[in-house]
Each structure stands twice: as C-alpha cells, then as structure tokens.
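A short worksheet on the structure shown next.
Just so it is clear, none of the values below were taken in a lab; they were calculated from the coordinates. Remember, predicted model here, so these are calculated numbers, not experimental data. Cβ atoms come from the backbone with ideal geometry, glycine included; neighbour counts cover every protein chain shown.
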Amino acid sequence: MKQIAQLDFTCSDSDVRTLRDPRFYNRYIRFIAMTTEGGKTCSTVGSEVSRPSSSERFQMDENFFASLILPQQNDQIEWMVIYDNEHVEVFWVLDNSWV
C-alpha cells in the first residue's frame, strides 16, 4: 500500500499527516490508528486509540489481515484491516454505514 510506504512508524507529525491524507482517508474508513514498536499510538481522530478487540485474523496478503471488531453491548459488527510486521501495527476501521 502506498500509505504504508510513506510511514516512518514513529507517530511523528509526518506520520499523522500521512494517516490523515485524503488520498488514503475517505468516507469508507471510520478511522486509522497506529501503534509503534515502543507502544506509542496515534490516529486520525487526534488522540490515542487502542486497537479494538477483534475476532480471529484472516490473512489477506503478506503483513495484511482482516478481522471483525467484536461488538460491545448492542453495537454493530465492523471490519478492520490490519498491517502488522511484528514491530508496528496500523489498523483501518471501516465504516459499515455504506454497506
């Protein structure tokens, strides 16, 4: 993915700009967040976001996975795409309102 190639994986200002870049962030994505190797997090919503609880991961490609977000209370199930290279994790929570 082009977005992954542009990240430093440090949650720097540059990383946050890349996460929020409209070329990669659109109405189909509810939010994007990243966790660095050192445990720092950043997101498109401007605050730290921990990865939602999810069901089993399904591998889509090398380092890319899909997972369902487990509903809390009476919430709807949502899809999450995860990039995980064993050092950092980036996840995109998809907006299911368009489905």
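Placing a pseudo-label 7 Å from each Cα along the Cα-to-Cβ vector at residue 60 and residue 31 gives an inter-label distance of 2.0 nm. Which label belongs to the value computed from this structure, given these candidates for mean projected area of the Cα convex hull in nm²: (i) 7.3; (ii) 6.5; (iii) 10.0? Answer by label: (ii). Between amide H atoms placed 1.01 Å from N, distances below 5 Å from residue 30 occur with 93, 94, 95, all of them 5 or more places distant or on a separate chain. Once C-alpha pairs closer than 8 Å and six or more residues apart are averaged by separation and normalised to the residue number of the chain, the relative contact order reads 24 percent. Only helices enter this figure: runs of n ≥ 4 DSSP H residues, each worth -39500 (n - 2.57), summed and divided by the residues of the chain, yield -2500 deg cm²/dmol at 222 nm to the nearest 500. In the chain, taking the dipole from charged Cβ atoms about the Cα centre, the farthest positive-side position among 19, 64, 9 is held by 19.
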